[in-house]
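Down below is the structure, laid out as structure tokens.
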Amino acid sequence: MLADDIGTAHADELIYLWDFDMSLKLEGQDLKFSKFLVKLWVNFITYGKPTPEGFKFNWPQWDDVKQKYIKFSNRGIFQEEKLLAGRTQFWSSIMEK
């Protein structure tokens, strides 16, 4: 049985970056999110910091201890820590050996 929120698949975000000439046309909230996401990427490429000045949130720089990341969902934008910590603990223990 799957959890209610299983997230996205690898490369799902690419539909917000490129027009794949598919029958899917971005509009409404999807188009707004596409422009927002591209703005974050461009700011990161240009300045090394995803979030432009004046944004309501700050995308923190990655560090191996806190492992903070940004989660985008239909409910909003959230800053969380240690994505899939239970799954990654196994691999981290192997890498330490």
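Side notes on the structure shown:
Per-residue answers, yes or no, for (1) surrounded by 13 or more Cβ atoms within 10 Å (Cβ to Cβ); (2) among the charged types (D, E, K, R); (3) touching a helix residue (DSSP H, G or I) at 6+ places or on another chain (Cβ under 8 Å):
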| site | (1), (2), (3) |
| --- | --- |
| Leu26 | yes, no, yes |
| Lys35 | no, yes, no |
| Thr46 | no, no, no |
| Pro60 | yes, no, no |
| Gln79 | no, no, no |
| Leu83 | no, no, no |
| Gln89 | no, no, no |
| Ile94 | no, no, no |
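- For segment 21-44, the candidate set comprises residues that are at pLDDT 85 or above and polar (S, T, N, Q); within that set, the residue that is nearest to Lys71 (Cα to Cα) is Ser34.
- Total residues in segment 60-76 satisfying the condition of being within 19 Å of Glu13 (Cα to Cα) and at pLDDT 85 or above: the figure is 3.
- In segment 72-97, the residues that are on the phi > 0 side of the Ramachandran plot form Cβ pairs under 6 Å with partners that are polar (S, T, N, Q) and not in a strand (DSSP E or B), at six or more places apart or across chains, as follows: Lys82/Gln67.
- Of all residues making up segment 76-97, the number that are more than 14 Å from the chain's Cα centre (by Cα) and charged (D, E, K, R): 3
- Some residue of segment 51-64 being free of Cβ contacts under 8 Å to residues at least 40 places away in the same chain, at positive phi and more than 16 Å from the chain's Cα centre (by Cα): yes
- Condition check for Lys71 on (1) of a type in the set (Lys, Arg); (2) within 15 Å of Phe33 (Cβ to Cβ); (3) assigned to a loop (DSSP other than H, G, I, E, B): one failure, at (3).
- Conditions (1) in a helix (DSSP H, G or I); (2) of a type in the set (A, V, I, L, M, F, W, C); (3) more than 16 Å from the chain's Cα centre (by Cα); number of the one not met by Phe33: (3)
The values are calculated or read from the model by the stated rules, or taken from the named source; none is laboratory data. No experiment lies behind these values; they were computed from the predicted model shown. Cβ: placed from backbone, ideal geometry, glycine included. Neighbour counts: every protein chain shown.
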